[in-house]
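Read-outs throughout are calculated quantities, based only on the coordinates presented, and are distinct from any laboratory measurement. As the structure is a prediction and not an experimental result, all values here were calculated from the model. Every residue, glycine among them, receives a Cβ derived from its backbone with ideal geometry; neighbour counts consider all protein chains shown.
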């Protein structure tokens with residue numbers, strides 16, 4: 001299921017959401033330009049759970065900024081065109097409304113805290129992994145969690161491809177995002193029983209952790225309720 005747009009109109013210009021999309025795209029294009037050098041960048045700036053867990057064991061200062069830096073740099077790295085396009089689509093559709101309710105400055109804090117919590121969840125699930133975890137997925141999962149709480153009556157126009165026939169359907173946001181979250185939990189549970197986490201793939205537990213942290217953080221950071229604009233009307 002591919003989200004196309006939601007029914008909630010934002011009252012403010014989503015400067016932070018647009019800025020994050022621009023920065024992510026610029027960093028990805030730089031990655032592409034590096035060719036074979038991308039592997040070295042991912043090893044250096046991607047978040048590697050085992051390296052974080054055993055930092056002190058390997059002689060590093062536990063409070064060294066270099067231990068924590070990949071938590072943030074990894075949020076701007078992506079593994080391919082599908083990865084970056086999918087993430088930015090979700091951020092564009094759901095980020096503006098969450099930014100509207102939290103405010104620009106709080107949304108920045110919210111975004112990075114969700115991303116950090118997501119990598120923390122992935123580390124708890126697979127602390128010995130040497131595979132670099134990259135992508136904005138965890139932070140964006142936090143955005144989805146916040147949207148789930150803030151806009152339960154919203155609807156998501158969704159493309160459901162049936163073989164080669166495109167089918168567009170409106171799905172309540174609580175259903176769409178609820179199913180998305182359940183899928184992450186199920187896939188993460190399957191991963192724990194296999195060796196997938198050792199060879200790379202989707203960081204399911206990062207998604208689940210980001211989603212839960214988004215719910216919690218939005219309850220703390222959200223501003224008071226404001227009157228909503230009339231919902232979008234789709235022809």
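Evaluate the range 122-131: report whether one residue or more is in contact with a strand residue (DSSP E or B) (Cβ under 6 Å, 6 or more places away or on another chain) and either without any contact (Cβ under 8 Å) to a residue 12 or more places away in the chain or in a strand (DSSP E or B) (or both). It would help to see each step written out before you state the result.
Taking the range 122-131 as the starting set, the residues that turn out to be in contact with a strand residue (DSSP E or B) (Cβ under 6 Å, 6 or more places away or on another chain) are 122.
Pick out the ones that are also either without any contact (Cβ under 8 Å) to a residue 12 or more places away in the chain or in a strand (DSSP E or B) (or both) and you get none.
Scanning the range 122-131, I find no residue that is in contact with a strand residue (DSSP E or B) (Cβ under 6 Å, 6 or more places away or on another chain) and either without any contact (Cβ under 8 Å) to a residue 12 or more places away in the chain or in a strand (DSSP E or B) (or both), so the answer is no.
Check every one of the helices (runs of 4 or more DSSP H) wholly within the range 146-221 and list those with 1 or more residues that are under 15 Å from the mean Cα position of the chain (by Cα), in contact (Cβ under 8 Å) with a residue 12 or more places away in the chain and within 25 Å of residue 4 (Cα to Cα). Can you show your working first?
Working: elements: 173-192, 196-199, 204-221.
Result: 173-192, 204-221.
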If I ask for residues that are buried (at least 19 other Cβ atoms within 10 Å of the Cβ) and either assigned to a loop (DSSP other than H, G, I, E, B) or touching a strand residue (DSSP E or B) at 6+ places or on another chain (Cβ under 7 Å) (or both), which ones from the range 8-33 would you list?
8, 14
